[in-house]
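*Asks:* Here's a structure for you.
The values are calculated or read from the model by the stated rules, or taken from the named source; none is laboratory data. Being a predicted model, the structure only gives us computed values, none of them experimental. Cβ placement follows ideal geometry from the backbone for every residue including glycine, while neighbour counts extend to all protein chains displayed.
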Amino acid sequence: MRRAFLAAVAVVSSSLLAEAQAAGAPTALRIGYAPGGGSVLTFIAKDKGFFKQEGIDADLVPFNSSADGLNALLAGKIDIGVSFGTGGPLTFIAKGADFVIIGGHLSGGHPVIAKPENAARFKSIADFRGKTVATPRLYTADIVWRGALIRAGIDPQKDLTIIDMKKPQDVLEAVKSGKVDIGIASSAVYLQAKSAGLAIPFWSNDFLANHPCCRIVTAGKNLSDRPALAKSFLKAIIRAERVLKESPEVAVDVNKRFLELDDAQARDFTLEPHQIVEADPNAKAVKIFWKDMNTIGYIASSIDIGAHIATAPYWNALEELKAKDPSPFYDRLERRFKERN
């Protein structure tokens with residue numbers, strides 16, 4: 001019933017959006033993001049004019065933490081969040097927020113950081129026993145790591161000391177100061193960690209291969225009221241992924257300017273192979289992630305998470321792009337979508 005309703009609304013909304021575009025009046029869209037590698041597709045879409053070409057006047061709004069960004073989305077202060085992780089949005093959904101995941105930005109790519117003299121003590125997940133660990137609560141890497149502990153038979157409550165932090169920057173400072181043995185960080189502090197001489201004994205990918213991270217999330221009301229806008233947004237993001245894959249040097253330059261990095265930092269940050277940047281919503285992985293969050297006791301929810309994942313806007317965006325330009329790139333994205341959703 002809900003899908004039929006959204007489809008009907010989409011027809012009307014598409015017509016209205018087309019009229020607005022024809023009249024040269026782009027629709028305003030407030031896009032929230034957190035610092036880090038999970039926002040590069042949005043940066044590219046903004047820089048290359050893809051948003052404007054799809055009828056969107058994009059206002060990029062930065063936040064210091066995922067929690068702050070998601071609270072802003074909940075309060076209606078932004079329309080879409082692109083880099084607030086997976087654990088954060090799912091936690092908000094478990095608490096009753098009407099959030100809907102419509103796409104992705106980043107999978108994997110979060111470093112686990114330690115002083116070099118401490119890093120040598122960590123060879124496997126078993127080495128976290130008896131240690132003091134800082135972790136950014138609500139962040140995706142935190143969920144992935146806790147899940148790995150449980151699968152390894154390690155009790156997070158008894159077998160080690162976990163210090164919850166509000167954001168990855170706090171984790172970085174705790175590791176640098178020696179208050180903890182190791183920190184579960186995020187891509188947001190990757191460059192700072194390297195500049196501080198810290199080591200990276202693990203990546204989040206080592207705990208769960210190709211796990212979903214930054215998902216594109218919006219409020220359910222936004223999707224039902226303006227579904228054509230979500231599709232237009234995703235068309236710009238998919239086009240940005242094509243630029244990243246086919247012209248990575250362009251992505252390096254964009255990150256350099258948007259994140260104010262030097263040449264070496266921009267190249268290192270953008271081309272880090274553990275960071276997998278893809279626009280696909282990857283519904284199957286999100287559902288597994290939701291199940292794991294319940295299993296490890298991070299949430300306790302019987303909500304059907306599938307009702308909070310909308311793949312139609314992404315698929316429709318992809319099909320419109322392919323119809324206009326039947327490129328092998330879009331064929332590959334079609335196959336990927338069918339495998340993951």
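*Asks:* I'm told Ala97 meets every condition in (1) buried (at least 23 other Cβ atoms within 10 Å of the Cβ); (2) under 30 Å from Arg151 (Cβ atoms); (3) in the same structural domain as Lys256 (by TED's automatic domain parsing) except one. Can you identify the failing condition by its number?
*Replies:* Tallying (1) buried (at least 23 other Cβ atoms within 10 Å of the Cβ); (2) under 30 Å from Arg151 (Cβ atoms); (3) in the same structural domain as Lys256 (by TED's automatic domain parsing), Ala97 fails exactly one: (1).
*Asks:* So, one more: Restricting to segment 258-283, name every residue that is part of a helix (DSSP H, G or I) and at pLDDT 95 or above.
*Replies:* Correct list: Ala283 only.
*Asks:* Same structure, new question: What's the total number of residues in segment 207-250 that are free of Cβ contacts under 8 Å to residues at least 60 places away in the same chain and assigned to a helix (DSSP H, G or I)?
*Replies:* Within segment 207-250, residues that are free of Cβ contacts under 8 Å to residues at least 60 places away in the same chain and assigned to a helix (DSSP H, G or I) number 2.
*Asks:* Among the candidates Lys245, Lys231, single out the residue that is among the basic types (Lys, Arg) and closer than 19 Å to Gly109 by Cα.
*Replies:* It is Lys245.
*Asks:* Just for segment 77-88: of the residues that are modelled with pLDDT under 95 and under 19 Å from Leu223 (Cα atoms), which one is surrounded by the most Cβ atoms within 10 Å (Cβ to Cβ)?
*Replies:* Restricting to residues being modelled with pLDDT under 95 and under 19 Å from Leu223 (Cα atoms), the top hit is Phe84.
*Asks:* Could you list, in sequence order, all residues of segment 162-218 that are basic (Lys, Arg) and at pLDDT below 95?
*Replies:* Listed by number, the residues that qualify are Lys166, Lys167, Lys194.
*Asks:* So, one more: Would you check if Ala120 is farther than 30 Å from Leu60 by Cα, at pLDDT below 95 and out of contact with any Ser or Thr (no Cβ under 7 Å at 6 or more places or on another chain)?
*Replies:* yes
*Asks:* Then there's this: Give just the number: which of (1) in contact with a Lys or Arg (Cβ under 9 Å, 6 or more places away or on another chain); (2) touching a residue at least 40 places away in the same chain (Cβ under 8 Å); (3) surrounded by fewer than 22 Cβ atoms within 10 Å (Cβ to Cβ) does Val277 not satisfy?
*Replies:* (3)
*Asks:* Given the conditions (1) more than 20 Å from the chain's Cα centre (by Cα); (2) over 19 Å from Phe269 (Cα atoms); (3) of a type in the set (S, T, N, Q), and given that Ser195 satisfies all but one, which numbered condition is not satisfied?
*Replies:* (2)
*Asks:* In segment 12-55, which residues are modelled with pLDDT under 80, over 27 Å from Leu191 (Cα atoms) and in contact with a Pro (Cβ under 9 Å, 6 or more places away or on another chain)?
*Replies:* Ser13, Ser14, Ala20, listed by residue number.
*Asks:* Are any of the residues in segment 209-216 surrounded by fewer than 20 Cβ atoms within 10 Å (Cβ to Cβ) and within 16 Å of the chain's Cα centre (by Cα)?
*Replies:* Among the residues of segment 209-216, at least one is surrounded by fewer than 20 Cβ atoms within 10 Å (Cβ to Cβ) and within 16 Å of the chain's Cα centre (by Cα), which makes the answer yes.
*Asks:* Hand me the list of helices (runs of 4 or more DSSP H) wholly inside segment 79-185 holding 1 or more residues that are under 23 Å from Val286 (Cβ atoms), touching a strand residue (DSSP E or B) at 6+ places or on another chain (Cβ under 8 Å) and among the small types (Gly, Ala, Ser).
*Replies:* Passing ranges, in order: 140-151.
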